[in-house]
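The values are calculated or read from the model by the stated rules, or taken from the named source; none is laboratory data. Predicted model only: the values in this text are computed from it and were never measured. Neighbour counts are summed over all protein chains in view; Cβ atoms, including those assigned to glycine, are modelled from backbone coordinates with ideal geometry.
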Amino acid sequence: MYCGIAQAASVLLSDPCFQLHSIQHLLGRGEASAGADHKNFSLHSYTDYITAEEAQKVEKMLAFLTEESKQAAATTAPTSEDDLCPICYAHSISAIFKPCSHKSCKACINQHLMNNKDCFFCKATITGVEDYSKPAGS
């Protein structure tokens, strides 16, 4: 079971669209506006719709994702600009397109392939996507 949770966390944290602070906001931990008199949003306020057990599960998920995020940041080697995805500049290059051999991160190419079948760069029809790892010594 833990393996599935770790995989899900890895997928979430590697997605450029995922923002950890969104879950913090759901739990009422968002930053309040300076001098604001209004109450912050919190799942804990919706007891007619969300049980205490469900809210606790979200709390545990946030704690787990926060720890995973810290560990990933601590173990990730600095990335040079040449190794970053030329689409999002948020993740390392991890996919290579066939037949043209252009590269991006998997999140960007997967998102793009939902609506398009052509390369971002040269407009060739993408016939496949392979994992890419930087050659040793580069």
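Just one of (1) at pLDDT below 85; (2) of a type in the set (Gly, Ala, Ser); (3) touching a helix residue (DSSP H, G or I) at 6+ places or on another chain (Cβ under 7 Å) fails for residue 80. It is (3). Taking (1) modelled with pLDDT of 75 or more; (2) over 30 Å from residue 120 (Cα atoms); (3) not acidic (Asp, Glu) in turn, residue 35 satisfies each apart from (1).
Contact map, the range 1-17: first residue of a type in the set (D, E, K, R), second residue at pLDDT below 75, Cβ cut-off under 9 Å, separation 6 or more or different chains; the map is empty. Restricting the range 98-138 to residues that are within 21 Å of the chain's Cα centre (by Cα) and in a strand (DSSP E or B), the residue that is modelled with the lowest pLDDT is 131.
Inspect all residues belonging to the range 52-74 and state whether any of them is loosely packed, with under 15 Cβ neighbours inside 10 Å and in a loop (DSSP other than H, G, I, E, B). Within the range 52-74, none of the residues are loosely packed, with under 15 Cβ neighbours inside 10 Å and in a loop (DSSP other than H, G, I, E, B).
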